[in-house]
Amino acid sequence: MKVEILSVGTELLLGQIADTNARWMSERLAAIGVDVLHRQTVGDNVERIVEALGLGASRADVVLVTGGLGPTQDDLTRDAIAVFAGVPMVRHPELEDMLRAKFRAFSSNPMPSSNLRQADVPEGARTIAPDRGTAPGLIVQLATDVTVYAVPGVPDEMIEMMTGTILPELSARTRGGVIASRNLRITGMGESAVGEVLTDLFDGSANPTVAYLASMGEVKVRLTAKAASIAAADELLEPLVRVVVERLGDVVFSVEDEPLEAAVLRLLRSHGLTLACAESLTGGSVSARLTAVAGASASFAGAIVAYTERAKRDLLGVSQATIDGPGVVSEACAEEMAAGARRVLAADLGLALTGVAGPEPHGGKEPGTVWVALDAGSRTNARGFRVSGERDRVIRWSQQGALDLVRRHLEGRPLPASDPTV
C-alpha cells in the first residue's frame, strides 16, 4: 500500500510552525508496513489543495490530509475534497448537535454560527467523531479506489483519529509486515566523509537500505528494513549495523538513535561518576542539554557559566597569569576552568568550554576559535579547534566537541588532536 501525506496550512509554508504531524504519521505508518513515498505541503487555497489531491491520488492508494478542518474561513480542506470528488457538501444534523453540545460544555456564550461549517461533509463521506476537539475527520472513497482521509491539524486531535480509526483500517488492508529503522549517530566526521566510507553499502542497498541525514555537528546513518515482523527486520539490520560501526569506528557514539548528551549521562552512570561544567562561549547550553535528559541529576553536579574574565578568575580560579598571558581563549584557560568546575562543584570530572562565538574577534582570536578541556583529577585533556560559520553553528559544534571529549574519555577512546591553527 502506498500512502501520500498532504499537509494543509499557509503557516507551514511560511515557516511559522514545523510540520510535526507529517513526521508522526510517517513513523506510525512505517511501523505497520505502509510505504509513504511522497509528502506535499500546500497553503489554504481551494484550487491548490484540489491540485495537490489530484497529484496524490495519481500515485498513491491513500491520500492522508492533515489540517484545514477548523471553523474559520481559511479552513478549506472540506470544500477542496468535495470539489475534487465532484460531490456537493451536505449538512449532517448529528454533527450539528454534537458541535452545540461540545460548545455548551466549555462555554456559556452562544456558539458562533461559523462553527457549523464543521457539520458540512462531502456527500457520501464517512466521518470520524472527535473526542478532544470539534472538527470531525473525513473518509472519502473515490471512484478510482483511492481513499482520502482528512484529520485536523491540531496534533492531539490528529493522533486521536489516527490511532483510533485510520491506522487500524490501513493495517487491516495491508498484507502485514513492518518497516523498521536503526539510526546510528556520528560526531566528528562530516556527511561526505561518512558517505565515502559507506559508498558500496549505499549503492548496493535494497533491503535494508542506507541513507544519511546531516545536522550541525552530527550525522545520522539510517538503516531501514522491511520484513514480516520486527524480529525479522532486526535480523536483517543487525549485520549491517555491525559493518557500519566497524568501518566508521569510534566516531559512532550511538547505534540506537541516542542523543550525545544521553550517551554521556549513560556512561557516567555506568562508571558511577559525576560531571560538572564550566561554560563561557556556550552560555550554559551544554548544561541545558544534559539536564533535559530525565535522571540527569544522578550524574550531573551542576554548572558555572563564567562569561567574563572576572567570573573565570573569581568563580573558577583561573589565574591572572593565564588571563594576562595566553588569554581566556586558550588551552591553559580551558584546563583551569575545568579544574575549577570539578573542585567547586565537588564532581569527579570537570568539563570546560571557552572560545569566540563571533561575529567579532576577541582577545586577538578569530571567531570560531574553541578550546574544550576535561579534568579528571589525575589527568587533564584539552582540545582546540576552529569552526566556520555563524554564531549558532560555532556554539553547536562547541557543544558537540565538549560532550564527545567526555564520551571518549569514559569509553577509553583516543582523543582527537587539536587543530594546529588554534
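Some values worked out for this structure:
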{"quantity": "Distant-in-sequence amide H partners of H38 (H built 1.01 Å from N, under 5 Å)", "calculated": "I5"}
{"quantity": "Per DSSP, loop trypsin sites (Lys or Arg not before Pro) in segment 96-160 with at most 16 further Cβ within 10 Å", "calculated": "R132"}
{"quantity": "Most to least packed among 153-161, 108-116, 210-218, 402-410 [average Cβ atoms within 10 Å]", "calculated": "402-410, 153-161, 210-218, 108-116"}
{"quantity": "T274 long-range amide H proximity, modeled H, under 5 Å", "calculated": "D348, L349"}
{"quantity": "In degrees, nearest ten, helix 46-59 long axis to first principal axis of the chain (Cα)", "calculated": "80 degrees"}
{"quantity": "The chain: calculated mean residue ellipticity at 222 nm from DSSP helix runs of at least 4, using -39500 (n - 2.57)", "calculated": "-11500 deg cm²/dmol"}
{"quantity": "For the chain, built as a Gaussian network whose Cα springs stay under 10 Å, the top-fluctuating residue of A232, A135, A105", "calculated": "A105"}
{"quantity": "Residues with amide H under 5 Å from that of F253, placed H, sequence gap 5 or more", "calculated": "R185, I186, T187"}
{"quantity": "Hz values of 3J(HN,Hα) by residue in segment 322-338 - Karplus curve (6.51, -1.76, 1.60), Gly and Pro given as x", "calculated": "5, 4, 7, x, x, x, 6, 9, 7, 4, 4, 5, 4, 5, 5, 5, 5"}
{"quantity": "Segment 178-254: C-alpha gyration tensor shape, a/c 1.5 cut-off, then a/b vs b/c", "calculated": "prolate"}
{"quantity": "In degrees, nearest ten, helix 260-271 long axis to first principal axis of the chain (Cα)", "calculated": "60 degrees"}
{"quantity": "Karplus (6.51, -1.76, 1.60) ³J(HN,Hα), θ = phi - 60°, over segment 220-232, in Hz, Gly and Pro reported as x", "calculated": "9, 10, 9, 10, 10, 10, 10, 7, 6, 8, 4, 4, 5"}
{"quantity": "At most 13 other Cβ within 10 Å, DSSP loop - GluC sites (Glu not before Pro), segment 246-337", "calculated": "E256"}
{"quantity": "Cα shape, the chain, gyration tensor, a/c 1.5 rule", "calculated": "prolate"}
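Readers should treat all values here as calculations from the given coordinates under stated rules, not as data from a laboratory. Owing to the predicted nature of the structure, the values given are computational and were not obtained by experimental measurement. Methodologically, a virtual Cβ is constructed for each residue, glycine included, from the backbone with ideal geometry; neighbour enumeration extends over all protein chains shown.
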